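Nothing in this text is a laboratory measurement; each read-out follows from the coordinates by a stated rule. Worth saying up front: this structure is predicted, and the values here are computed from it rather than measured. Methodologically, a virtual Cβ is constructed for each residue, glycine included, from the backbone with ideal geometry; neighbour enumeration extends over all protein chains shown.
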Amino acid sequence: MNWKRLADRMTRTTLRTFSDNPGGVPSIIYIRGGVQTPLPDAVFDENYQTVDPETGAAIISDAPMIGVMRSDLPGGAWKEGDTVTVRGVTYRAVEAQKDSENHAKIILHRLP
């Protein structure tokens, strides 16, 4: 098994383990142009936290995010204007932070 396939399997297993998927029903829906794509393996984090690479200090933001396999998104990537619904709350996708494999953190902005 090659490295990419192994990394994809590991990432998908991790996402599935921590997914926001109660009772087998995906609660995260990705919407592009009116087309809804359920994301059963996505992970929602309401208060995204990261580390400043220069200082090592934790950075806490009130910006929510989802962690998702890029291949699960329509066309394999996010686009400006896409929206995400999580447990009935709608967010706009504002930025994607991709890794070198198939995973992305999509930063969200809650819509009124």
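Here are the numbers:
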{"item": "Order of I31, I59, I107 under a 10 Å beta carbon neighbour criterion, fewest first", "result": "I59, I31, I107"}
{"item": "Distance (nanometres) between label positions extended 7 Å along Cα→Cβ at Q97 and S71", "result": "2.4"}
{"item": "Relative contact order, percent, the chain [alpha-carbon distance under 8 Å, six or more residues apart]", "result": "23"}
{"item": "Peptide ranges 88-99, 62-73 listed from the most packed, as the mean C-beta count within 10 angstrom indicates", "result": "62-73, 88-99"}
{"item": "Where a label projected 7 Å from the Cα of T37 along Cα→Cβ would reach, residues of the stretch 85-112 with amide N under 16 Å", "result": "85-86, 92-99, 102-107"}
{"item": "Globularity ratio of the chain, using Cα Rg and 2.2 N^0.38 Å", "result": "1.07"}
{"item": "Expected 222 nm ellipticity per residue - DSSP helices of 4 or more, -39500 (n - 2.57), all of the chain, to 500", "result": "-4500 deg cm²/dmol"}
{"item": "GNM flexibility winner over the chain from T37, T83, T13 (Cα, springs under 10 Å)", "result": "T13"}
